[in-house]
Amino acid sequence: VDVTGTLSSSELPDDFPKYTITGSSISDEEFLVSMRGTTDAAYNYIFIMTAEENIRWYKQVPGYAYNFRKIEYQDGTIRYAYQQYDADVEGTNGGITYTHIVLMDESFNVINDNIHPLAYGSITDSDYGCENHDYKILSDNHYILTTVTLSMADNVPGYEGKQIPVVNAIVQEQKDGEVVMQWESMEHPELYEASVYNNDYGSLVDNPDALYTDYVHINSIAVDPENYDLLISCRSIGLIKLDRETGEIIWIMGRGRNDISGMTEEQTGLYQHDVRYLEDGSITIFDNSGGVDSTSRVCRYWIDEDTLKLEDFEEYTTEYKSTSMGCAGLVDDDTDTYLICYGGGIADFAFEERDFSSGKVNMQLEFDNGDTLYRIFRGTEYNRLTFGTICLIDRLSRVFWKKTDS
């Protein structure tokens, strides 16, 4: 449905999700909502809600969708995108689904309705699906995508030469129909030992009934605005920083391995979700289980990339326990206000805006049917990080050339 202006409730479909809002936001940015609903539903909705709590635009999607977001390119072009559910990934011990990405222009006209990984490396199918957790659209023909293959690994430390079924996590960057970088987790044996979840490899040897073990489980990706490298958040490991040109691992920060000095184990996330870079270069995560009594929290890190040392750390605790999914986005730095979605937790609402400086919840949205969300987006994502010109950057006391936009 292509709608301009603001809809009244009488103009919405009868089955449009009913919601109740308590309080009001301190921001005037719009919310971009993708409903998951029940997994067997024929369709669900994605929609844009204004700060005044009215629906400005909506679309009915088959099944359900993930990660509906508004994007602005380097040249100011506006785009909207979402991930359309295709099918569950069977035979794993992780919650993964295959999807494809739909890209729309600023008037919500579809530009590309089937963005997906290209056949490369472990991906042998020319029409392979993305996995459902995250993506970056850098231009109409330039994407960073995540997916998985179900593979047999023979390089697990302590079990070399043995065939072990693993969920091989993949990050693929493609531009103009060609792969410019592909990272595959199973090419990095150190990640097997860094994993703190789904890592009982011995039980998988010579076990024909074993599920493919999801020992990495990517749930979010972010591009470093300073050096253009890639940071991925993994439920089973923590944060992994990648060289975006070579795919090499720069550092890992997790409870199974931590390359960042000056921090305690309690400061690292546990089964965390949703990594983001902020304007000052700091990093936030929604930490599902790392708080006191395994409660969820928002963690913010200031890391010196030259020395790999934690310079500062802030945590914002909540009373909820999220088992999976969720996100946290900074709304106001002065008051430490965040927009939080608790995902698969016990919260009985979809998302809230919380002022941690005062302990006040500014607003909450609750769907009448009790639905929770995978993730909530607000405002515009500025994806202005594309390969092109040559610039000189200094990292880890080494000067080297890297293809980036200056």
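Mind giving me the FRET efficiency for N112 and S261? R0 is 35 Å, r the Cβ-Cβ distance, nearest 0.05 is fine. Let's see the in-between values first.
On the way: r = 44 Å, r/R0 = 1.25.
For R0 = 35 Å, the calculated efficiency reads 0.20.
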5 Å is the cut-off here: which amide hydrogens, built 1.01 Å from N in the peptide plane, fall below it relative to E381, excluding neighbours closer than 5 in sequence? K70, I71, E72
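Which FRET efficiency, nearest 0.05, do D15 and Y120 yield, Cβ-Cβ r, R0 35 Å?
That gives a FRET efficiency of 0.30.
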Tell me which GluC sites (Glu not before Pro) from segment 155-237 have a DSSP coil assignment and no more than 12 other beta carbons within 10 Å of their own. E160, E226
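Using Cα-Cα distances under 8 Å and only pairs 6 or more residues apart, what relative contact order does segment 190-299 have, in percent?
Details: 230 pairs, mean separation 21.2, N = 110.
Answer for segment 190-299 is 19 percent.
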Mean accessible area per residue over the chain (1.4 angstrom probe, all protein chains present, square angstrom) is 41 Å²
Residue (of L230, W183, Y215) at the positive-pole extreme of segment 180-313, dipole from beta-carbon charges: Y215
Let me spell out the model: positive unit charges on the Cβ of Lys and Arg, negative unit charges on the Cβ of Asp and Glu, origin at the Cα centre of segment 222-353. What dipole size does that give, in debye rounded to 20? 780 debye
Once phi is turned into ³J(HN,Hα) by the Karplus curve 6.51 cos²θ - 1.76 cosθ + 1.60 with θ = phi - 60°, what whole-Hz value does each residue of segment 115-126 show in order, with x for glycine and proline? 7, 7, x, 8, 5, 6, x, 6, 8, 9, 8, 6
Residue-averaged 222 nm ellipticity for the chain, from DSSP H runs of 4+ at -39500 (n - 2.57), nearest 500: 0 deg cm²/dmol
Determine the dipole magnitude for the chain: charges of +1 sit on the beta-carbon of Lys and Arg, -1 on that of Asp and Glu, nothing else is charged, the reference point is the Cα centre, and the result goes in debye to the nearest 20. 220 debye
Determine, from the Cβ-Cβ distance of E29 and A210 and an R0 of 45 Å, the FRET efficiency 1/(1 + (r/R0)^6), rounded to the nearest 0.05. 0.45
Going by accessible area, probe 1.4 Å, with all protein chains left in place, what is the ranking of K241, K175, K321, largest first? K321, K175, K241
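Sorted by packing (mean other beta-carbon atoms within 10 Å per residue), highest first, where do 198-204, 291-297 land?
Details: 198-204: 16.1, 291-297: 17.7.
Ranking, from highest mean packing down: 291-297, 198-204.
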Each label sits 7 Å from Cα toward the beta-carbon; between D140 and E178 the label points are separated, in nm, by 2.0 nm
What residues qualify as long-range amide H neighbours of F356, i.e. H under 5 Å apart, gap of 5 or more or another chain, H built at 1.01 Å from N? T337, Y338
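Going by average Cβ neighbours within 10 Å, how do the peptides 212-218, 277-283 rank, with the highest at the top?
Details: 212-218: 27.1, 277-283: 13.7.
Ranked by mean Cβ neighbours within 10 Å, highest first: 212-218, 277-283.
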If I model a spin label at K162 and E226 as a point 7 Å from the Cα along the Cα→Cβ vector, what separation in nanometres do I get? 4.1 nm
Work out from phi, with θ = phi - 60° and the Karplus expression 6.51 cos²θ - 1.76 cosθ + 1.60, the ³J(HN,Hα) of each residue of segment 94-107, listed in order in whole Hz, and give x for Gly and Pro. x, x, 10, 10, 8, 9, 10, 9, 10, 10, 10, 7, 5, 9
Which whole-number percentage describes the relative contact order of segment 1-137, with Cα contacts under 8 Å and a sequence gap of 6 or more? 16 percent
Probe 1.4 Å, all protein chains in place: accessible area of S126 in Å², nearest 10? 90 Å²
Excluding ligands, DNA and RNA, the carbon-plus-sulfur percentage of the accessible area of the chain with a 1.4 Å probe reads 43 percent
Label N369 and T22 with points 7 Å out from Cα along Cα→Cβ: what is the distance between them in nm? 2.2 nm
Projecting the Cα atoms of A87, Y98, Y143 onto the charge dipole of segment 77-168, where Lys and Arg contribute +1 and Asp and Glu -1 at Cβ, the residue farthest towards the positive end is Y143
Solvent-accessible ranking of D176, D334, largest area first, probe 1.4 Å: D334, D176
Hey, how many Å between the Cα centroid of segment 240-293 and the Cα centroid of segment 349-371? 25 Å
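Please state the relative contact order of the chain as a whole percent: Cα pairs under 8 Å, 6+ residues apart? Provide the component values of the computation, followed by the final result.
Working: 1055 pairs, mean separation 52.5, N = 406.
Dividing the mean separation by the residue count of the chain yields 13 percent.
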Could you work out how far the C-alpha centroid of segment 161-231 sits from that of segment 111-130, in angstrom? 17 Å
Consider all pairwise Cα distances in segment 219-347 and report the whole-number % of them above 24 Å. 21 percent
Can you list residues from other chains, or at least 5 along the same chain, whose modelled amide H is less than 5 Å from the amide H of N44? V61, G63
Once phi is turned into θ = phi - 60°, what whole-Hz ³J(HN,Hα) does the Karplus curve with 6.51, -1.76 and 1.60 give for every residue of segment 194-199, x standing for Gly and Pro? 6, 6, 10, 8, 6, 10
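Around E131, with a cut-off of 12 angstrom between Cβ atoms, what is the net charge of the other residues, counting Lys and Arg +1 and Asp and Glu -1?
Summing Lys/Arg as +1 and Asp/Glu as -1 gives -4.
The values are calculated or read from the model by the stated rules, or taken from the named source; none is laboratory data. Given the structure is predicted, the values throughout are model-derived calculations rather than measurements. Heads up, the Cβs are rebuilt from the backbone with ideal geometry, glycines too, and the neighbour counts pull from every protein chain shown. Please note that ligands, DNA and RNA were not included when accessible areas were found on the heavy atoms of the full protein model with its side chains. Shrake-Rupley method; radii C 1.70, N 1.55, O 1.52, S 1.80 Å.
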